[in-house]
1. Per residue, how big is the convex hull around the C-alpha atoms of the chain? Give it to me in cubic angstrom, could you?
2. What number results when the radius of gyration of the range 97-197, computed over Cα atoms, is divided by 2.2 N^0.38 Å?
3. Give the separation of the Cα centroids, the range 141-197 to the range 18-84, in Å.
4. With r as the distance between the Cβ atoms of His104 and Leu198 and R0 = 30 Å, compute the FRET efficiency 1/(1 + (r/R0)^6) and round to 0.05.
5. Spin-label point model (7 Å from Cα, Cβ direction): what's the Phe120 to Lys66 distance in nm?
6. Report the calculated FRET efficiency for Glu19 and Glu171 (r = Cβ-Cβ distance, R0 = 45 Å), to the nearest 0.05.
7. In 10 Å bins starting at 0, how do the alpha-carbon pair distances of the range 5-88 split up by percent?
8. Distance check, please: which entries in Lys140/Lys192; Lys63/Lys103; Lys8/Lys53; Lys74/Lys140; Lys34/Lys66 exceed 21 angstrom between their Cα atoms?
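Derivation of every value follows stated rules applied to the coordinates shown; laboratory data play no part. Note that the coordinates shown come from a computational prediction; the quantities given were computed from them, not determined experimentally. With ideal geometry, Cβ positions are generated from the backbone for all residues, glycine too; neighbour counts draw on all protein chains shown.
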Amino acid sequence: MEDFIFAKIVDGDIVFYFEEGYTQKDLFEYFQKKLNTMKNFFKFGDSFYIYLKDESQYNLLPKIAKFARTLDLKLAGAYFGELPPSKSQKKELDLSSTKIYRKHVRSGQVIDNPGDIIIFGNVNSGAEVNAGGSVIVYGKVFGVIRAGLTNKRNAFIIASKMESSLIEIAEIPFFNHEWPDAPVSIRVENDKALVESLEI
C-alpha cells in the first residue's frame, strides 16, 4: 500500500503529513493503523501535530483528536496548505526510516540503520551506533557514533552530552575532540563538519 500518511520530527515536534487526493474515510482509517504501529514510540500524554495538504479535510481533526485520546495521546495542533517558515526551514527526520531506542546502548552492542537513529538513553563506552542518516541521542555519548554513511549531505549528530573519543560524520572523524560541556550538534556544511553548542 502506498504510504500516504507519514511522520516526521520537525524542530522537535512530531508531525503527521497527510497527502491530498484521498477520501476522509481512507485517511482516517490509515491514520489509525499508522498511530497504532507507532504507539511504542510515544509516552503517556505525548502530543503530535497534523499537516493537511488539502485544507478542505479540516473536519478530520475532531476524529483524530478523539482517537488519539484513546491511546493517551494529544493532538497539539494542525497545519494546512503550507508549513509556516518557522517549521519549513527546520531540519526534518523522516520517522518511516528511523529506528528508535528507548533504552541505553550497552557496551559491546552495535546498532545499524540505513536511515536515522534516535536514542532515548546513553550510548555507553564500547557501544557503536552506525547510521546512514542522522543520530539524535537524548542522553550521554561515551561510545562510537558514525552518521551520514549513506546520506552525507544532510546528516547531523545531536547529543545531550558528548564525551566520546571517536565520532564520525560523513566520513569526517573526530578523535579525542574537546567537546563543549553542553548539548552539542555536529553537522556538515560545505564538506566540513561543524561542532556547535546547543540550548535545549
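1. Working: hull volume 25.4 nm³, N = 200.
Dividing the Cα hull volume of the chain by its residues yields 127 Å³.
2. 0.93
3. The range 141-197 and the range 18-84 have Cα centres separated by 33 Å.
4. Given R0 = 30 Å and the Cβ-Cβ separation, E is 0.90.
5. 2.8
6. The formula returns an efficiency of 0.80 here.
7. Going from the shortest bin to the longest, the percentages are 17, 57, 25, 1.
8. Where the Cα-Cα span goes over 21 Å, the pairs concerned are Lys140/Lys192; Lys63/Lys103; Lys74/Lys140.
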